[in-house]
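Notes follow the structure.
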């Protein structure tokens, strides 16, 4: 493939709008860069689908972004990162492809003191064991426990990120996960947010986890990894600010604008969202 120039946009994709938390972190780290974000809203969620299906969807989304001249690809979806990165790198040799799993695993290993690490994610990410494999590769002997927290996704999408419902969900998911054995105080000292929706629930998650548990947000760690790779590949545009962002969605552009603005932490203009078909 023809390598794009440094001024080309960085492509980001997710199954929907959760990846906008990653985009927000990327824009904060690299304010001079242009971004092109694709949310496959017609086929979300990826977390309940088979690995083969997710890999196929990821390749189709990447094809659409590459066709628009991106210089790097950030897979802002934990499920797609856990199953599709080898296929994406084989299909687009020479294009930096950054997932969210490895940066999150690396940050968890740096943060832990006990080697006891808890991961919350979607059903597909937990079923595939991607975080466990990545963490144990970096820290043999690490104790990793995971829980699928699918209700968190719905709460984040609906904007129910504080209040009794969010608190009850956090209690139900996290209390048994963080306690390594019955009657034991929380012995995990790191909690990885293995889904890009989950940073929106940082309030109730932090309260249940308590001050002794360090929370690793894969959005922030992925942004740092993307910056490092682009620097190494000499693909940063060199601007200190003023980058632009465009959005592609496969369904529901009005909902994308309304709900996506909450995930991004900034207003999304309807004129900046284009409806496409994969």
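None of the figures in this text is laboratory data; all of them are computed from the coordinates on show. All values derive from a computational prediction rather than experimental measurement. All Cβ positions, even for glycine, are placed from backbone atoms using ideal geometry, and neighbour counts span all protein chains on display.
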Shape call, segment 79-162: gyration tensor on alpha carbons, a/c limit 1.5: oblate
Calculated FRET value between residue 274 and residue 87, using beta carbons and R₀ = 30 Å, to 0.05: 0.75
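Please report, in cubic angstrom per residue, the volume enclosed by the convex hull of the alpha-carbon atoms of segment 101-218.
89 Å³
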C-alpha long axis of helix 51-66 to longest principal axis of the chain, angle in °: 40 degrees
Cα-only Debye scattering, the chain: base-10 log of I(q)/I(0) at q = 0.13, 0.17 Å⁻¹: -0.82, -1.37
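I need the peptides 201-208, 35-42 ranked by packing, meaning the mean over residues of other C-beta atoms within 10 angstrom, with the highest value on top.
Working: 201-208: 18.6, 35-42: 24.1.
Order by mean packing, descending: 35-42, 201-208.
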Label-point separation, residue 42 to residue 158 (7 Å along Cα→Cβ), nm: 2.7 nm
The chain: relative contact order as a whole-number percent, Cα under 8 Å and 6+ apart: 27 percent
Inter-part distance where segment 60-86 and segment 253-274 are each reduced to a Cα centre, Å: 20 Å
Ranked by how many other beta carbons lie within 10 Å on average, peptides 151-161, 112-122, 68-78 from highest: 68-78, 112-122, 151-161
Burial order of peptide ranges 171-179, 136-144 (average beta-carbon count within 10 Å, highest first): 171-179, 136-144
Separation between Cα centres of segment 160-180 and segment 217-244, rounded to whole Å: 33 Å
